[in-house]
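Chemist: Sharing a structure below in structure tokens format, with a few things to ask.
The values are calculated or read from the model by the stated rules, or taken from the named source; none is laboratory data. Just so it is clear, the structure is predicted and the values come from calculations on it, not from any experiment. With ideal geometry, Cβ positions are generated from the backbone for all residues, glycine too; neighbour counts draw on all protein chains shown. These area figures cover heavy atoms from the full protein model, side chains too; ligands, DNA and RNA do not enter into them. Shrake-Rupley method; radii C 1.70, N 1.55, O 1.52, S 1.80 Å.
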Amino acid sequence: MLIGLGCGCLFALGIGLAPRLFLILAWIFSERWDIVWQGNWFLPLLGIIFAPYTTVFYMLVWSPTGIAGWDWLWIALGVMLDIMKWSSWVKYRRENEYYPETMP
């Protein structure tokens, strides 16, 4: 019997490689987006731009009864991944000789 990749594995791989793309697709096609964000567009837009992993994890763990218990661990993991992404970007800019020293 041949066991293939499930949809969950492909979804996780896609989020890991391109979280912004998956968030934009969720914004366009998902019914959950409107339920989680309740018609707000500014906060999710900031999440897509600056903290995509945190936004993804928030969307995945959100429930109508609220976020509690171990759900906060997943959100903290998203924050950690976003901080690691931004810090590696800053490190790359500092080490790259083509960026001038006056750049932040």
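Chemist: Report the label-to-label distance for Thr65 and Leu43 in nanometres (one decimal), using points 7 Å from each Cα along the Cα→Cβ vector.
Modeler: A separation of 2.1 nm, rounded to one decimal place.
Chemist: So, one more: Angle check, please: helix 19-29 long axis (alpha carbons) against the longest principal axis of the chain (alpha carbons), in degrees 0 to 90, nearest 10.
Modeler: The angle comes out near 40 degrees.
Chemist: For a quick protection proxy, order the peptides 10-18, 73-81 by their average other-Cβ count within 10 Å, most packed first.
Modeler: Numbers: 10-18: 12.3, 73-81: 15.3.
With the highest mean Cβ count within 10 Å placed first, the list reads 73-81, 10-18.
Chemist: Right, another one. Restricting to DSSP H runs of at least four residues, report the calculated mean residue ellipticity at 222 nm for the chain, -39500 (n - 2.57) per run over all residues, nearest 500 deg cm²/dmol. Before the final figure, lay out the partial values.
Modeler: Numbers: 6 runs with 73 residues, N = 104.
That calculation yields -22000 deg cm²/dmol at 222 nm.
Chemist: Related question: Roughly what angle does helix 7-17 make with the longest principal axis of the chain, taking Cα atoms, 0 to 90 degrees, to the nearest 10?
Modeler: The two axes meet at around 20 degrees.
Chemist: Moving on. Taking all protein chains as present, what is the carbon and sulfur share of the accessible area of the chain, in % to the nearest whole number, probe 1.4 Å? Walk me through the intermediate numbers first.
Modeler: Numbers: 5740 of 8020 Å².
Whole-percent figure for carbon plus sulfur exposure: 72.
Chemist: Percent relative contact order of the chain, based on C-alpha pairs within less than 8 angstrom and at least six residues apart?
Modeler: Here the relative contact order equals 21 percent.
Chemist: When ligands, DNA and RNA are left out and all protein chains stay put, how many square angstrom of accessible area per residue does the chain have with a 1.4 Å probe? Mind showing how you got there, number by number?
Modeler: Details: 8020 Å² over 104 residues.
Roughly 77 Å² per residue, with all protein chains present.
Chemist: Expressed as an acute angle from 0 to 90° and rounded to the nearest 10, what is the orientation of the C-alpha long axis of helix 71-95 relative to the principal long axis of the chain?
Modeler: That works out to roughly 20 degrees.
Chemist: Label Glu95 and Ser30 with points 7 Å out from Cα along Cα→Cβ: what is the distance between them in nm?
Modeler: In this crude spin-label approximation the distance works out to 3.3 nm.
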